[in-house]
Amino acid sequence: MGGRYKWVFWGAILVAVAARFGAYKLLAANSSAGRVTTQPVVVANRDIPEGSPIDRLALTTKQYPVSAVPVGAFASVDSVVGRVTRVDVFNGEAIVPGRLAPIGSGPGLELKIPPGQRAMAVRINDVAGISGLIQPGSRVDVLVTIKEENSNKQIAKLFMSNMQVLSVGTEVQRDATGKPINATTVTLGVTPEESERLAIAMNTGAIQLVLRGYGDPDSVRTKGATSTDVLSQLKGTSTVVPAPSPAQPPRIVYRRLPAPAPVVKKEPPPPPPESATVKVYRGTKADPLKFDTAGIKR
């Protein structure tokens, strides 16, 4: 009997061990299925302005789920240090190639110039600069005031529209008395042809910038204004020709016609008399004689 109990005891121990091992494998499998695979991603540790070189202190790494890693994201800080931002990068934002300038680019205005354009500085005063309201990224129209040829008459015309402001700065100049003054300089993105016309306008007339509303794509269609137009308006008359109004369909006017005159029915003429009376005098006595219309004596 003792040997039989011994085998039962060892059999129970083996069953317990097998059950415990099976439970362990089951828990391990469930834990592995719920685990999320991550990957390091380089992110900004602070705000980095546009056109600024990136140093090591501005970067850190965070673990992103593999399914949430942005396309092209960098995994190593060393691969980003020394690069220049093409646009503003904000704190906590993942660094991707689209936010950086090409490798080898240095910090400066060159990064902001659109392809096919050039950067050209325009010097304006505070009033023409709308008291500091024009900022990088604004859209402006360029207004030139110039004298007409062989005349003292001035003309003002918006000759460039929807121009992009690349940067705004100030430079110290001196007036006629030697007093230092601050002059505002606005850098515009222009095509080569626009830069030539803008240079002529700055050297022969006065330049002002007119701020456009956000997202306003309208082009300039004005004919310009002269000093004669201004004087005429001050005198109460205007020589400005209004823009033609769109063609209107012909207007149909209905008028009431007069009532027709009443038709007057004419009475038939009276019939001729059936007889005629003739007076015959015999001496002093008149005897009437009647004759019918056929001339037969009655």
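The values are calculated or read from the model by the stated rules, or taken from the named source; none is laboratory data. None of these values were measured; they are calculated from a predicted model. Here the Cβ positions follow ideal geometry from the backbone for every residue, glycine too, while neighbour counts run over all protein chains shown.
Does the range 50-67 hold any residues that are in contact with a strand residue (DSSP E or B) (Cβ under 9 Å, 6 or more places away or on another chain) and either more than 12 Å from Val80 (Cβ to Cβ) or among the β-branched types (Val, Ile, Thr) (or both), and which are they?
Glu50, Gly51, Ser52, Ile54, Thr60, Thr61, Lys62, Gln63, Tyr64, Pro65, Val66
For every residue, the table says whether it meets (1) assigned to a strand (DSSP E or B); (2) out of contact with any Pro (no Cβ under 6 Å at 6 or more places or on another chain); (3) closer than 30 Å to Ala206 by Cα; (4) in contact (Cβ under 8 Å) with a residue 60 or more places away in the chain.
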| position | (1), (2), (3), (4) |
| --- | --- |
| Leu57 | no, yes, no, no |
| Phe74 | no, yes, no, no |
| Val81 | no, yes, no, no |
| Gly106 | no, yes, no, no |
| Arg123 | yes, yes, yes, yes |
| Pro136 | no, yes, yes, no |
| Glu149 | no, yes, yes, no |
| Phe159 | yes, yes, yes, yes |
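Need the failing condition index for Gly213 against (1) modelled with pLDDT under 80; (2) assigned to a loop (DSSP other than H, G, I, E, B); (3) more than 16 Å from Ala156 (Cα to Cα), just the number.
(1)
Would you be able to say whether some residue in the range 136-158 is at positive phi and modelled with pLDDT of 85 or more? Outline the logic, then answer.
Here is the first cut: in the range 136-158, the residues at positive phi are 137, 150.
Next, from what is left, pick out any that are modelled with pLDDT of 85 or more: none.
No: the range 136-158 contains no residue that is at positive phi and modelled with pLDDT of 85 or more.
Restricting the search to the range 83-104, which residues are within 21 Å of Ser167 (Cβ to Cβ) and not in a loop (DSSP other than H, G, I, E, B)?
The answer is Val84, Thr85, Val89, Arg99, Leu100.
Conditions tested, residue by residue: (1) surrounded by fewer than 10 Cβ atoms within 10 Å (Cβ to Cβ); (2) at pLDDT 85 or above; (3) on the phi > 0 side of the Ramachandran plot; (4) within 36 Å of the chain's Cα centre (by Cα).
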site: Tyr24; (1), (2), (3), (4): no, no, no, no
site: Ala33; (1), (2), (3), (4): yes, no, no, no
site: Thr38; (1), (2), (3), (4): no, yes, no, no
site: Val41; (1), (2), (3), (4): no, yes, no, no
site: Asn45; (1), (2), (3), (4): no, yes, no, yes
site: Ser52; (1), (2), (3), (4): no, yes, no, yes
site: Ala58; (1), (2), (3), (4): no, yes, no, no
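For every residue, the table says whether it meets (1) more than 20 Å from Gly169 (Cα to Cα); (2) touching a strand residue (DSSP E or B) at 6+ places or on another chain (Cβ under 6 Å); (3) surrounded by 12 or more Cβ atoms within 10 Å (Cβ to Cβ).
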{"position": "Ala73", "(1), (2), (3)": "yes, yes, yes"}
{"position": "Val77", "(1), (2), (3)": "yes, yes, yes"}
{"position": "Val80", "(1), (2), (3)": "yes, yes, yes"}
{"position": "Val84", "(1), (2), (3)": "yes, yes, yes"}
{"position": "Val87", "(1), (2), (3)": "no, no, yes"}
{"position": "Ile103", "(1), (2), (3)": "yes, no, no"}
{"position": "Leu111", "(1), (2), (3)": "no, no, yes"}
{"position": "Met120", "(1), (2), (3)": "no, yes, yes"}
